[in-house]
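Structure first, then comments.
Nothing in this text is a laboratory measurement; each read-out follows from the coordinates by a stated rule. These numbers were taken from a predicted model, which means no experiment stands behind them. Note: ideal-geometry Cβ built from the backbone for every residue, glycine included; neighbour counts use all protein chains shown.
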Amino acid sequence: MIDMLSSSLPPSARKMQVCSLALVAVFFLAFTPSFSPLAHAQEAPPPPPLDHFKCYRASNPNPLLRVLVLLEDQFDVGLERFDTTRIVKVKFFCNPTTKQHGNNAFVQIQNPDHHLTLYVFKQFFAEKYPPKFEVIVDNQFGIHTMIVQKPQYLMVPSKKTKIQGAPTTHGDPTGLDHYKCYSVLEHDFNLGAVVTLGLQDEFDTRQMNAVMTTPFLFCNPTRKDHIFALGQHQVTDIRNQRDHLTCYNLTQDKVKNGVKNVEVENQFGSAQPLGIGKVEMLCVPSLKMSWGLLPPDDNNSTSEDD
């Protein structure tokens, strides 16, 4: 399988990886990475179950400077490479949420301390025609096929330390993975004209009605190597290879919840102030049943940043 995928990789891909490491050296002096694309630590004890996440548009007035990370997910392993990326800005902030879908079982929050901050990232050597992948996923909304391309967001486990300036009692997001999120280009998802859900997270005083539409992102758990100045780095391995997240576009009843800002802490820094906007996504735990790299002839279009 790996040999088949490697043969589909553009000839310049290997050179790109060498160049990316050289660029890291230029930016961070004498850094010599120990990040190995195929090396994984021994599997940790089973992680806690993955929650549903309700995601809000977010912004950070303080820019992130020289935040460099190397990312490796299942797609990267298949292609025998990894992504050298620069974190650009915050785009979304996600709370764990309860979910009620019709007469289906009510889904409780399993891990109230688990939150995710989504950061836009840029690849140092973006391909003109990024590879496309076909994935078949199974979740509470059924089995559906998606074509995904061009990773754009890194989901980072985060501790929510303040809401509206008031300290919270949240602990660390222990057991929650990082996720590398790809744009969904095509899909066969169809549950009718309207999918109405009842959702309630920490920002809501009661269960709110929301309408879920099409898949927007598909997110693989990813290994992350955070590069610091002077060659220091912090590697975070994948804890849960099985669970993925499929994020769907979401609109919610226009009832103001009063939450306009929070403060979060994660591996990119403490006391990060985030402005909170409207609800935009529901990220649903999903099983990736199968996946494959599409032939190069089909890799003739790219997705654009939101």
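On full extension, the segment bounded by residue 261 and residue 124 gains 46.2 nm, given 0.36 nm per residue less the C-alpha separation.
Cross-link check: pairs 91/278; 159/288; 122/260 evaluated at a Cα-Cα cut-off of 18 Å; pairs beyond the cut-off: 159/288; 122/260. Applying Stokes-Einstein at 20 °C and 1.002 mPa s to the Kirkwood radius of segment 159-213, computed over alpha-carbon pairs, gives a translational diffusion coefficient of 140 µm² s⁻¹.
Taking the average, over residues, of other Cβ atoms within 10 Å as the packing measure, peptides 195-201, 161-167 rank 195-201, 161-167 from highest down. Considering all different alpha carbon pairs of segment 69-193, the Kirkwood hydrodynamic radius works out to 17.1 Å.
Ranking of 287, 217 by neighbouring Cβ atoms within 10 Å, starting from the fewest: 287, 217.
For a straight C-alpha distance cut-off of 16 angstrom, the lysines reachable from residue 99 (same-chain residues fewer than eight places away being disregarded) are 54. Here each label is just a point 7 Å from Cα along the line to Cβ, and for residue 110 and residue 168 those points are 1.9 nm apart.
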